[in-house]
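> First, the structure itself, so that you have it in front of you.
The values are calculated or read from the model by the stated rules, or taken from the named source; none is laboratory data. Keep in mind that this is a model prediction, so the values were computed, not measured. Here the Cβ positions follow ideal geometry from the backbone for every residue, glycine too, while neighbour counts run over all protein chains shown. For accessibility, only protein heavy atoms count, side chains too; no ligands or nucleic acids. Shrake-Rupley method; radii C 1.70, N 1.55, O 1.52, S 1.80 Å.
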Number of protein chains: 2
Amino acid sequence: MRRGRSYIADMAKRFHKSTSLKELSAIVRLSQSTVSRVINGEGDKFRIARETQDRVLQAAALHGYTANTVARSLRQKRSYTIGVIVPEISEGYSTAVLGGIEDELLKDGYFYFVVSHRHRPDRLKGYQRMMLARAVEGIIAVDSTIEDELPVPVVAVSGHQHREGVVNIELDHGQAALLALSHLKGLGHRRIAFVKGQAFSSDTNRRWRAIVNAAKDLDIAVDPQLVVQLEGIDSGPGPGIEVTRQLLQSRRPFTALFAFNDVTAMGAILALREAGLRVPKDISVVGFDDVLAASTYNPPLTTVRQPLRDMGQTAASTLLGLIRDEIPHPQPAAITVYPNLVVRKSTAQAPAHAPQPVAPA
Amino acid sequence: MRRGRSYIADMAKRFHKSTSLKELSAIVRLSQSTVSRVINGEGDKFRIARETQDRVLQAAALHGYTANTVARSLRQKRSYTIGVIVPEISEGYSTAVLGGIEDELLKDGYFYFVVSHRHRPDRLKGYQRMMLARAVEGIIAVDSTIEDELPVPVVAVSGHQHREGVVNIELDHGQAALLALSHLKGLGHRRIAFVKGQAFSSDTNRRWRAIVNAAKDLDIAVDPQLVVQLEGIDSGPGPGIEVTRQLLQSRRPFTALFAFNDVTAMGAILALREAGLRVPKDISVVGFDDVLAASTYNPPLTTVRQPLRDMGQTAASTLLGLIRDEIPHPQPAAITVYPNLVVRKSTAQAPAHAPQPVAPA
DNA sequence: CTGAAAGCGCTTACAG
DNA sequence: CTGAAAGCGCTTACAG
């Protein structure tokens, strides 16, 4: 390989040795033990002379000493790192949660690895192993199911894993369903279509049961013919468009649609519009999550808001608590978080008669 | 702290010692050296008997041995980890790039830390230090400027840092501007408004210069009164709404608007609509990036597509090349990547006369 | 109050 | 072909 004249400089930079504890202690003429203690803020605990401490700290600052985290990890058998597993990284739901996780983790000096399994079980398993080999102290699984018993604490966000040792951060789906359905009922909707989530999403069943219950309580009939389910692993609007077209094709009348999530709601709106139906004039649509794009969509989405960022924060602080063993046993199986309804422009008064699609469906 | 009866079990799990090299070698009655070599696939290189190798591999599989990465890192002075710095994690642009980075990195056994600086210089600096203390072997900066000379290679995605040792992955902005403006010109637009990016975004100036050049080439006049600039650090549609309102208030006629990015385009459309203007009938709007939401927006956005995921992949593979010193010197200062125009529904034939806002502006 | 020494779990010259 | 031993850079009993 040919190299230019910057090679030497490059190499020097590459192998730039940052000051080690050994060097620093030689400089201040103290043992590594003492210097280490001062650096780690245990100076007072060991009653090291203030003056000595200052000398150490100054020298450290002067030489830009930062402890090598790898060595520290090896010795302490702690990595100050956790692993986060999400289904898909380039996607609103996961990233909102990641934002919350970051807030909480970094202020405690923890870093995190992120991996996305893209709904492939082998990737999910493989990454678990790799993260463990990297000594992560805990794992946060976002909308992903960890099947194995892991040697570190795990917190599941929307995972619903009722296994000993995992704490779930879960939304109150009963509340969510009630919020959405009573809003729709209040607007006069009686014939409501439902789009269930993909089978692999752990929220799917819980939310559906909650909807069935809420419908019963509110005295709303759930017509099985108006219930469709998302398929495939595509997390974009495609599957929502698809099932809405099917719904339309069945010619079963409805005036409102409750989608599994916002992206699906957007897909549904596309399909409705394609069939010549107006939202919300002809059909009201309610989404779920309140992702960033929900408010700028046209029409802005009425949606059940999940406090995604809070959920990330809670997941992180809970995991940290678990790692530090600060959470009293028995550990809670779940921490419930509450949704609220954000009413925007995709819902309106129900029309007198359920409309029919006009365009080529 | 009170503990339930699962405490012992918990602790056992927490301190679960995975098999060490020492243990494994005791089991197979070989030295750690030999076992280590076999595990690392250097068995043949050291001419270790096939049979011996098999015995080692089997025992490793049986006892689920995985080398402790922390110890390995310390010894080799390599971490197989890189750091990624983004402005904001919960945002379409960065996450698309992250997806590409992940693809490339994980297949080579590398992991990455992500941190977001949220446009605060102190966070940016602090994170650099923390990542370096964690021995990252390289850094990818997404739309962020690294000012210091770092002891590891850095690759900048849309960073434009022409400093020795950093490789920039950059879009061909000249091409991008030409694509957008000739599309608009072809539709008969002559009075075009421009929304420039925030001053802190490193793309802002380059793109603007490219636009000015392309306009000259295409013989399109750039009216300074129709040029506005985004302000603040909000990465949502807010700033776009704001400046479009100002534009409207100036009552300077225009028939098309070229936004700095898709989110801004969405904000602009909101503001236009608020003023009673229809998109694309009255005003055509062109976005930039082609984030996920662009295609589902209403109207679906005509936009200049940046191959974000590819840019992430290229950034990662380039960084890996730099780390392994496989890239010939002198290193390229930049790797250029090409945009393309995605024509959707937010642009149309220019109206005969520039429209005026009708609603309370 | 401070230090000498062991050891975390690997990899890798060096020796045979 | 295989192994004994050093050492990566820390922290932390243990000793005084």
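> Go through (1) within 16 Å of DNA strand D (Cβ to nearest atom); (2) surrounded by 24 or more Cβ atoms within 10 Å (Cβ to Cβ); (3) among the hydroxyl-bearing types (Ser, Thr, Tyr) for A:TYR80 and report which single condition fails.
(2)
> Can you tell me which residues in the stretch B:92-118 are within 26 Å of B:PHE288 (Cβ to Cβ), surrounded by fewer than 21 Cβ atoms within 10 Å (Cβ to Cβ) and modelled with pLDDT under 90?
Hit for the stretch B:92-118 is B:ASP103, nothing else.
> Looking at the stretch B:202-213, can you tell me whether even one residue there is more than 27 Å from B:GLY276 (Cα to Cα) and hydroxyl-bearing (Ser, Thr, Tyr)?
yes
> Which of the residues spanning the stretch A:186-219 are part of a loop (DSSP other than H, G, I, E, B) and in contact with a Ser or Thr (Cβ under 9 Å, 6 or more places away or on another chain)?
Within the stretch A:186-219, A:LEU187, A:GLY188, A:HIS189, A:ARG190, A:ARG191, A:GLY197, A:GLN198, A:PHE200, A:SER201, A:SER202 qualify.
> Filter the stretch B:58-96 down to residues that are within 30 Å of B:SER144 (Cα to Cα) and more than 16 Å from DNA strand C (Cβ to nearest atom), then give me how many there are.
Number satisfying all stated conditions: 15.
> Residue by residue through the stretch A:44-57, note down the ones that are within 8 Å of DNA strand C (Cβ to nearest atom) and crowded, with 17+ Cβ neighbours inside 10 Å.
Matches in the stretch A:44-57: A:ILE48, A:GLN53.
> Could you list, ordered by first residue, the pairs with Cβ atoms under 9 Å in which the first is in the stretch B:320-337 and of a type in the set (Lys, Arg) and the second is open to solvent by 20 Å² or more (accessible area, probe 1.4 Å), at least 6 apart or interchain?
none
> May I pose another question? Is it the case that the stretch B:293-308 has a residue that's farther than 30 Å from B:ARG245 by Cα and surrounded by fewer than 24 Cβ atoms within 10 Å (Cβ to Cβ)?
Among the residues of the stretch B:293-308, at least one is farther than 30 Å from B:ARG245 by Cα and surrounded by fewer than 24 Cβ atoms within 10 Å (Cβ to Cβ), which makes the answer yes.
> Show me the helices (runs of 4 or more DSSP H) entirely contained within the stretch A:66-142 in which 1 or more residues are under 11 Å from the mean Cα position of the chain (by Cα), more than 7 Å from chain B (Cβ to nearest Cβ) and in contact (Cβ under 8 Å) with a residue 24 or more places away in the chain.
Helices (runs of 4 or more DSSP H) meeting the threshold: A:92-106.
> Right, B:LEU272: within 14 Å of chain A (Cβ to nearest Cβ) and at pLDDT 95 or above or not?
So B:LEU272 fits the description; yes.
> Would you tally the residues in the stretch A:206-246 being in contact (Cβ under 8 Å) with a residue 60 or more places away in the chain, among the β-branched types (Val, Ile, Thr) and buried (at least 16 other Cβ atoms within 10 Å of the Cβ)?
0
> From (1) small (Gly, Ala, Ser); (2) out of contact with any Pro (no Cβ under 8 Å at 6 or more places or on another chain); (3) open to solvent by less than 40 Å² (accessible area, probe 1.4 Å), pick out the condition that doesn't hold for A:SER317.
Of everything listed in (1) small (Gly, Ala, Ser); (2) out of contact with any Pro (no Cβ under 8 Å at 6 or more places or on another chain); (3) open to solvent by less than 40 Å² (accessible area, probe 1.4 Å), A:SER317 misses just condition (3).
> Working only within the stretch B:248-279, note down all residues that are touching a residue at least 12 places away in the same chain (Cβ under 8 Å) and open to solvent by 30 Å² or more (accessible area, probe 1.4 Å).
Correct list: B:GLN249, B:SER250, B:ARG251, B:ARG252, B:PRO253, B:ASN261, B:VAL263, B:LEU270, B:GLU274, B:GLY276.
> Still on this structure: Quick check on my filter: what residues within the stretch A:17-41 are open to solvent by less than 70 Å² (accessible area, probe 1.4 Å), in a loop (DSSP other than H, G, I, E, B) and near DNA strand C (Cβ under 9 Å from one of its atoms)?
The answer is A:LEU30, A:SER31.
> Could you please find all residues in the stretch A:268-317 being under 18 Å from the mean Cα position of the chain (by Cα) and among the basic types (Lys, Arg)?
A:ARG305, A:ARG309
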